[in-house]
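See structure below.
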Amino acid sequence: MKTRIGILTSGGDCPGLNAVLRGASLAAEKLGWEVLGFRDGFEGLLPPGDWIVLDRKCTENIMALGGTIIGTTNRGHFVSKVAGGDRTVVAEEVIEMARTVLKDARVEALIIVGGDGSMTTALQLQEAGINCVGVPKTIDNDLEATAMTFGFDSAVYAVMDALDRLHTTATSHKRAIVVEVMGRHAGWIALHGGLAGGADIILIPEIPFDFDKVAAAIRARDAAGNLSSLVVVAEGARPRDGQQIKRDMEHGEFRLGGIGDVVAHEIAVRTGKETRTCVLGHLQRGGPPTTLDRILGTRFGVKAVQLVNEGHFGSMVSYQSYKVRHVPIADAVNRLRLVPPNGEMVQTARDVEISFGD
Ligand code: F6P
């Protein structure tokens, strides 16, 4: 009988997940193993078990697809997180059910592809004696334990593409257009996307801004003859004397969003310019992965199988100094990597006359 391992994708989807699935499936097949893909995140581990065999045929031609062919969710019975010291735990009976399903399916180890919350669940499963290996995933690129996550480059590409399109219409109408982008508490997508797409102003959570300074930057551009401006604002950005704008509470977590309209309104009031807002939303998460994300996803999937083969359970794949390595999941969870306000990227942006509204 073939050795069997399981894999699941958990949390928000992102481009590159299918490259991980394909990479893991092919690397496992080379070892003579069989891979079961559990559907809809950890929920597929609930009795009677919801899985498909991820073989060569099933993973053929999936690398160019966004999303995940086995589905995902950021809700359900396994939601667990460490936030500000409050650890939400998965109920013991739920873990027991998962253990039974894995045992009955003869799964010897489980590869968990997910973000910070999913890694916290992985840690709990590992502590309960289920062999786990983590693969980090988030378009936000905000995990301290890895220099890069797949999905980020595709999200940045979507922002750049949007800015390329918005430049022409903003110029034609001499408008200021505010583009709201994702990233939660980190400004990486806004910073990289804004830099690549030639934004004039970038507002990020790590550098609280001042509406008067934003307006002054736009007025200065007008005075110099640049009558249109593109402002990229991260969903988590906030004015110096204000708060992040939260939409609603879902499953114990706030959804961010709405700052774009506020910024556009304040610019209009202060400058008299015609302004528009464009919220990119989930366009940043969908669609085909970029070259970089396909390669990184494949490397992460292959590495995860290697880690299982070498018995490195409780560890997470990590990208450091251009190499794919691994770190203990326990050291990886609940450690956010934010944009250093005085770092090289921010300075580079300032040197090409991008204002941070500060
Ligand atoms: O963490 C990834 C992310 O896309 C964030 O940038 C964003 O705030 C959030 O997920 C949106 O989540 P949902 O798909 O649940 O609306």
**Complete:** Flagged in the stretch 117-141 as among the acidic types (Asp, Glu) and surrounded by fewer than 24 Cβ atoms within 10 Å (Cβ to Cβ), in numbering order, are Glu127
**Request:** Looking only at the stretch 286-294, decide whether some residue is away from the ligand (no atom under 16 Å from the Cβ), farther than 18 Å from His192 by Cβ and surrounded by fewer than 17 Cβ atoms within 10 Å (Cβ to Cβ).
**Result:** yes
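Suppose the filter is more than 30 Å from Ala170 (Cα to Cα), of a type in the set (Lys, Arg) and either buried (at least 16 other Cβ atoms within 10 Å of the Cβ) or not assigned by TED's automatic domain parsing to the domain that holds Val232 (or both); does Lys323 pass it? It would help to see each step written out before you state the result.
Numbers: more than 30 Å from Ala170 (Cα to Cα): yes; of a type in the set (Lys, Arg): yes; either buried (at least 16 other Cβ atoms within 10 Å of the Cβ) or not assigned by TED's automatic domain parsing to the domain that holds Val232 (or both): yes.
Considered against the rule, which asks whether it is more than 30 Å from Ala170 (Cα to Cα), of a type in the set (Lys, Arg) and either buried (at least 16 other Cβ atoms within 10 Å of the Cβ) or not assigned by TED's automatic domain parsing to the domain that holds Val232 (or both), Lys323 comes out as yes.
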**Request:** Could you grab the pairs with beta carbons closer than 8 Å, sequence gap of 6+ or different chains, first residue in the stretch 154-168 and touching a residue at least 12 places away in the same chain (Cβ under 8 Å), second one among the charged types (D, E, K, R) and not in a helix (DSSP H, G or I)?
**Result:** Ala155/Arg285
**Message:** Six or more apart or on different chains, Cβ atoms under 9 Å: show the pairs whose first residue is in the stretch 2-30 and touching a residue at least 24 places away in the same chain (Cβ under 8 Å) and over 14 Å from Val135 (Cβ atoms) and whose second is polar (S, T, N, Q) and in a loop (DSSP other than H, G, I, E, B).
**Reply:** Gly12/Thr72; Gly12/Asn74; Gly12/Thr138; Pro15/Thr290; Leu26/Thr59
**In the stretch 201-251, residue farthest from the ligand (Cβ to nearest atom) [restricted to those that are hydrophobic (A, V, I, L, M, F, W, C) and assigned to a helix (DSSP H, G or I)]** = Ala223
**Message:** Filter the stretch 318-332 down to the residues that are in a strand (DSSP E or B) and closer than 20 Å to Asn131 by Cα and list them by number.
**Reply:** Ser318, Arg325, His326, Val327, Pro328
**Prompt:** Do we find a residue being of a type outside the set (D, E, K, R) and buried (at least 24 other Cβ atoms within 10 Å of the Cβ) anywhere in the stretch 77-94?
**Reply:** yes
**Request:** Could you check Val179 against (1) assigned by TED's automatic domain parsing to the domain that holds Glu274; (2) within 15 Å of the ligand (Cβ to nearest atom); (3) assigned to a helix (DSSP H, G or I) and say which number it fails?
**Result:** (3)
**Message:** I'd like the full set of residues that are assigned to a loop (DSSP other than H, G, I, E, B) and modelled with pLDDT under 85, limited to the stretch 80-119.
**Reply:** Ser80, Gly84, Gly85
**Complete:** Every listed condition ((1) crowded, with 22+ Cβ neighbours inside 10 Å; (2) not assigned by TED's automatic domain parsing to the domain that holds Glu34) holds for Gly281 save (1)
**Complete:** Note on the stretch 125-155: residues more than 12 Å from the ligand (Cβ to nearest atom) and part of a helix (DSSP H, G or I) are Leu125, Gln126, Glu127, Asp153
**Asked** Assuming Ser118 fulfils every condition listed in (1) touching a residue at least 60 places away in the same chain (Cβ under 8 Å); (2) over 18 Å from the mean Cα position of the chain (by Cα); (3) not assigned by TED's automatic domain parsing to the domain that holds Asp261 apart from one, which condition is it?
**Response** (2)
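The values are calculated or read from the model by the stated rules, or taken from the named source; none is laboratory data. Since the structure is predicted, the reported quantities are computational estimates derived from the model, not experimental observations. Note: ideal-geometry Cβ built from the backbone for every residue, glycine included; neighbour counts use all protein chains shown.
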